[in-house]
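Asks: Would you mind keeping the following structure in view while I ask a few things?
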Amino acid sequence: MATNYTSLVSSENKLKEQFYEYLDLTYLIHKKLWDYILNNKLDESALADLNNDEEKSDNWERDILDECVWIISKDQPRSSHLRFIISIIYSAKDLERVSDYAIDIAEAVTRTTPTKKEMEHFKRVSTEYLSFFKAFMDVIKKKNVAEMYTKAKTLKENFLKFYDNEIKEMLKNLNPKSAIDFHILTLVMKSIDRSVHHIYNVYSNFRFIKNDGPSTKKLKF
């Protein structure tokens with residue numbers, strides 16, 4: 001039993017809300033990224049805006065980790081309470097990496113001029129990716145995350161199947177004279193792939209923890 005159970009529960013609820021806000025921010029960074037790309041507005045100003053958001057992400061991660069350390073030292077959580085806090089720590093690191101991948105994509109795209117055909121591929125992939133991300137946010141915020149295992153696994157498998165087919169089509173239509181340099185195309189697509197795996201990691205971190213705290217916060221998109 002924690003030294004002060006009431007204080008621990010209050011701290012966990014606050015931490016959970018803080019983490020949900022970080023999750024929202026990470027999604028919004030990627031949504032903003034693709035809005036810039038698909039509307040041909042990814043200029044120096046847009047890149048600076050995204051870098052500013054990524055810096056906010058770094059600050060969120062640091063604040064969450066500090067809060068976790070404070071809760072552990074103050075309330076001495078045990079059993080499932082300690083596992084919950086450790087899950088938050090792992091997940092914050094995953095979200096920080098997802099934010100970094102948004103900058104990787106932005107910097108890669110600014111080094112070239114995508115063709116119309118490539119923009120069509122980007123639109124399809126980004127739409128599917130953002131839909132996947134949003135669906136996972138809803139899964140992660142469920143009261144009992146473990147019950148969502150089948151849905152989570154299906155979401156990931158369906159996206160990766162779509163992703164594999166799309167990248168095959170992109171490579172099939174690649175025109176060496178006018179297309180994005182192969183290494184840039186690879187970087188963009190790989191960054192999306194890695195983001196998906198990190199998002200799924202967040203779900204996996206919470207899979208065996210009952211989410212009894214505040215989970216009714218509505219997302220603002």
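The values are calculated or read from the model by the stated rules, or taken from the named source; none is laboratory data. The model shown is predicted, which means the values in this text are computed figures rather than measured ones. All Cβ positions, even for glycine, are placed from backbone atoms using ideal geometry, and neighbour counts span all protein chains on display.
Asks: Identify, from the list Asp75, Asp43, Asp53, the residue that is surrounded by 16 or more Cβ atoms within 10 Å (Cβ to Cβ), within 30 Å of Lys116 (Cα to Cα) and of a type in the set (Asp, Glu).
Replies: Values: Asp75 fails: within 30 Å of Lys116 (Cα to Cα); Asp43 fails: surrounded by 16 or more Cβ atoms within 10 Å (Cβ to Cβ).
Of the residues listed, the single one that is surrounded by 16 or more Cβ atoms within 10 Å (Cβ to Cβ), within 30 Å of Lys116 (Cα to Cα) and of a type in the set (Asp, Glu) is Asp53.
Asks: Being in a helix (DSSP H, G or I) and among the basic types (Lys, Arg): is that true of Lys31 here?
Replies: Values: in a helix (DSSP H, G or I): yes; among the basic types (Lys, Arg): yes.
The answer is yes for Lys31.
Asks: Taking the stated definitions as given, is Tyr22 more than 17 Å from Tyr203 (Cα to Cα), among the aromatic types (Phe, Trp, Tyr) and modelled with pLDDT of 95 or more?
Replies: Numbers: more than 17 Å from Tyr203 (Cα to Cα): no; among the aromatic types (Phe, Trp, Tyr): yes; modelled with pLDDT of 95 or more: yes.
So Tyr22 fails the test.
Asks: Further, regarding this structure: I'd like to verify a number: residues in the stretch 109-126 that are under 19 Å from the mean Cα position of the chain (by Cα) and touching a residue at least 60 places away in the same chain (Cβ under 8 Å), how many? Even if it seems obvious, please write down each step before you answer.
Replies: To start, the set of residues in the stretch 109-126 that are under 19 Å from the mean Cα position of the chain (by Cα) comprises 122-126.
Applying the additional criterion that residues be touching a residue at least 60 places away in the same chain (Cβ under 8 Å) yields 122-123, 125-126.
Number satisfying all stated conditions: 4.
Asks: Further question: Based on this model, can you work out whether Thr26 counts as of a type in the set (Val, Ile, Thr), surrounded by fewer than 18 Cβ atoms within 10 Å (Cβ to Cβ) and within 15 Å of the chain's Cα centre (by Cα)?
Replies: Working: of a type in the set (Val, Ile, Thr): yes; surrounded by fewer than 18 Cβ atoms within 10 Å (Cβ to Cβ): no; within 15 Å of the chain's Cα centre (by Cα): yes.
The answer is no for Thr26.
Asks: Could you give me the residue pairs with C-beta distances under 9 Å whose first residue belongs to the stretch 73-99 and is in a loop (DSSP other than H, G, I, E, B), whose second residue is modelled with pLDDT of 90 or more and not aliphatic (A, V, I, L, M) wherever it lies, and which are 6+ apart or on separate chains?
Replies: The qualifying pairs are Pro77/Ser11; Pro77/Glu12; Pro77/Arg83; Pro77/Phe84.
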